[in-house]
Amino acid sequence: MAEVVDIRARVLAANEQAAAKLRDQFRAGAALVLNLISSPGSGKTTLLEATVRALGGRLRLAGIEGDIATERDADRLRALGIPAVQILTGGACHLDARQVRKVMDEAHFPAFDVLFIENVGNLICPTSYDLGEDFKVALLSVAEGDDKPFKYPAIFARAAVTVITKADLLPHVTFDLDAVRGQVAALNPGGRLLVTSAKTGEGIATWCALIEERLATKREAEA
Amino acid sequence: MHELSIAEEIYRASRAAVAGHGAGRLECVTVAVGELAAIEPDLLKFAWQALTEGGPDVGSTLEVEWHAAHQFCVACDADKPRSDGTWLRLCPDCGRPLNVTGGMELDLLHVTFLPDGHEGAGEGSDDG
Ligand SMILES: Nc1nc2c(ncn2[C@@H]2O[C@H](COP(=O)(O)OP(=O)(O)OP(=O)(O)O)[C@@H](O)[C@H]2O)c(=O)[nH]1
Ligand SMILES: [Mg+2]
Ligand SMILES: [Zn+2]
């Protein structure tokens, strides 16, 4: 006769436990951790390069790069002198907390103030996996179209910060910035939205100030 | 398409739960999926089929218990339905931000399995 086993647990319980351990570890290290999520090519690594150039002298930065294949993105960060580890997912469309824990256990990062985790280029799947970050950052480049927040609501509803990238291309594309602001505000009333261009430097100072401010807030809360 | 990874998590957890009750074959696994969990039930069931194909649990089914989104407006003191096709978190009546009170579920509820040594009904065994 068939038997029934009652379980009643989160499907992602294993991931959530690993994320909780990471969060404790990051808190103990007084480090701020960001999980960057966007579709492929929105400019995650380029924004990080600009961030390292702007903040690298003041803060100790580190990077974890998630990709299906190649070490290219980690190489780009290492070329700027920060420690970076590449996670190759071999086909999976997102990072999970167990992979990040493995890196934290094995990579022996020097102490850092801010860790950037660049997720696999994908606007959907990474949203469900907590990596122990302080907050998620959604990136949307102006070339992708101004209807994307409503079409991919999960990430824009959950990201504390939305970064519009490649603003230098605005004159060349049809992208209604106010419409996007309205969509993000409706999905995520408490969220911040920044407009940036890694190419011209627009908005990079504001972005960096936000990171420094969140780091200070986290450290004050712990003190 | 992360339904496959989710199906793998469900499978791993189901197997682990059954292992605590002796060996056996999965018959049916029931999960709760909320409207705001960003999981498509049909894709999840399809992923389950693909995952169990050719293994000891081939033919087992994944049941999805669907939970609609619930959003509460403090100002109106009322549950506000999610307008179709949007994830709007603003009250359709007063425009204030809504609190999400349901629809985020992604839970493994229970697993039905057939312990080894029992071949299902129809083979002459006494199920009573
Ligand atoms: N014009 C312009 N191009 C940019 C900007 N930022 C990035 N790009 C270009 O966009 C392309 C993709 O940038 P990446 O930073 O590699 O994008 P990504 O999101 O890291 O991509 P994946 O890791 O593959 O998902 C590159 O050719 C960049 O040079 C910008 O601010 N302006
Ligand atoms: Mg990249
Ligand atoms: Zn209201």
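The values are calculated or read from the model by the stated rules, or taken from the named source; none is laboratory data. Being a predicted model, the structure only gives us computed values, none of them experimental. FYI the Cβ positions are ideal-geometry reconstructions off the backbone, even for glycines, and counts take in every protein chain you see. With ligands, DNA and RNA removed, areas are computed over all heavy atoms of the protein, side chains included. Shrake-Rupley method; radii C 1.70, N 1.55, O 1.52, S 1.80 Å.
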So A:Ile87 passes all but one of these: (1) surrounded by fewer than 20 Cβ atoms within 10 Å (Cβ to Cβ); (2) without any contact (Cβ under 8 Å) to a residue 24 or more places away in the chain. Which condition number does it fail?
(1)
Could you tell me how many of the residues in segment B:14-40 are touching a helix residue (DSSP H, G or I) at 6+ places or on another chain (Cβ under 8 Å), more than 7 Å from chain A (Cβ to nearest Cβ) and either among the β-branched types (Val, Ile, Thr) or not in a strand (DSSP E or B) (or both)?
6
Could you go through segment A:155-167 and let me know if any residue there is free of Cβ contacts under 8 Å to residues at least 24 places away in the same chain and part of a helix (DSSP H, G or I).
no
Take A:Ala159 and tell me if it is closer than 19 Å to A:Phe116 by Cβ, within 16 Å of ligand 2 (Cβ to nearest atom) and either under 17 Å from the mean Cα position of the chain (by Cα) or modelled with pLDDT under 95 (or both).
no
Please list, ordered by residue number, the helices (runs of 4 or more DSSP H) wholly in segment A:40-132 having 2 or more residues that are more than 15 Å from ligand 1 (Cβ to nearest atom).
A:97-106
Scanning segment A:149-168 residue by residue, the ones that are in contact with a strand residue (DSSP E or B) (Cβ under 7 Å, 6 or more places away or on another chain), open to solvent by 10 Å² or more (accessible area, probe 1.4 Å) and farther than 15 Å from A:Val195 by Cβ total 2
